[in-house]
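The values are calculated or read from the model by the stated rules, or taken from the named source; none is laboratory data. No experiment lies behind these values; they were computed from the predicted model shown. Ligands, DNA and RNA are stripped out before the accessible areas are found, and what is left, the full protein with its side chains, is counted by its heavy atoms. Shrake-Rupley method; radii C 1.70, N 1.55, O 1.52, S 1.80 Å.
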Amino acid sequence: TLPATGGTKFSLDAPQKPPTWLVENLLAAGRVQMTSGAPGAFKSGLHEAVMAASLLGRPFLGRRVPVMRWLVIDAENHLDDIAARWKALGLKDEHWSSIHLTDQSAAVELGEPRWNQWLAREVEVFKPDVIVIDSAMSCCKLGLGNPEILELYRGTLKPLAANGAAVWFSHHHRKAGGPGSSAALGGMSWEGQADLTYTS
C-alpha cells in the first residue's frame with residue numbers, strides 16, 4: 001500500500017520507547033534480528049541455549065528468560081545432531097508443546113510464495129513468541145541480490161515481527177570475509193534490514 005497522505009507523524013516530545021526485551025539486550029519482541037558469523041561460531045547453539053533456558057525456567061548468562069513458544073526452522077543441522085544437542089541441554093518430550101520444529105528434510109525455501117504462505121499459516125496456528133530461521137541461506141530460495149532480500153524482509157519477516165514475534169535468524173560469513181558488513185554473505189543487503197544484528 002502507498003504511504004498515507006501527508007506523511008508519518010509521531011511525538012517528538014515523548015521519551016524514546018525502548019525495545020520490548022524478551023531476553024534483556026539479546027532478544028526483542030516485534031523485531032527482526034540476525035546473528036552472523038563463521039561456520040562453527042555457535043550461531044545455532046546460541047538460540048538453542050536460550051530456548052532451553054526458556055523452557056527449563058532458568059536464566060541465560062545472568063538474564064531472566066520467560067517461558068516462550070518457539071517455532072524453529074533448521075535447515076543447517078542434521079536431525080540427529082539437533083536431537084543430541086537438545087537432549088544435552090535438558091529438553092525432553094514434555095517440551096514439544098512449546099516447540100514447532102521443521103528440519104532440513106522439509107527443504108523449506110522462504111522467498112517462494114507457497115513457502116511464505118506456509119510460514120504465515122504455521123505462525124497463525126502455533127502462535128510462537130520466537131521464530132528461528134537457521135540459516136538464512138539454507139532456508140531461503142534467494143540469490144544475493146538486494147531486491148530479493150528486501151522482499152523477504154518486507155513481505156515475510158517484518159510482517160511476522162509486526163504481529164509481536166521475535167524473528168531471529170542466523171547468517172553465514174564469507175569464508176574469506178573482510179571486516180564489518182563485507183564479511184556477511186550479501187553484506188548490507190542482509191545487515192541493513194535487520195533491526196538488531198549480532199556477530200559471533
Could you please state how large a percent of the accessible area of the chain is carbon and sulfur, counting protein chains only and using a 1.4 Å probe?
-> 54
Å² per residue, accessible surface of the chain at 1.4 Å | 54
Residue with peak Gaussian network fluctuation, the chain [Cα springs, cutoff 10 Å], from Lys87, Lys17, Lys141 | Lys17
Which whole-number percent of Cα pairs in the stretch 64-155 have a distance greater than 18 Å?
-> 50
Name the shape class, rounded, prolate or oblate, that the alpha-carbon gyration tensor gives for the chain, where a ≥ b ≥ c are the square roots of its eigenvalues, rounded holds for a/c under 1.5, and otherwise prolate holds if a/b is larger than b/c and oblate otherwise.
-> rounded
Pull up the cross-link candidates among the lysines for Lys9, meaning alpha carbon to alpha carbon under 25 Å and not fewer than 8 places away within one chain.
-> Lys17, Lys158
Setting aside same-chain residues fewer than 8 positions from Lys141, which aspartates and glutamates have a Cα under 13 Å from its Cα?
-> Glu109, Glu112, Glu151
Beta bridges per DSSP with both ends in the chain, % antiparallel, nearest 5 | 15
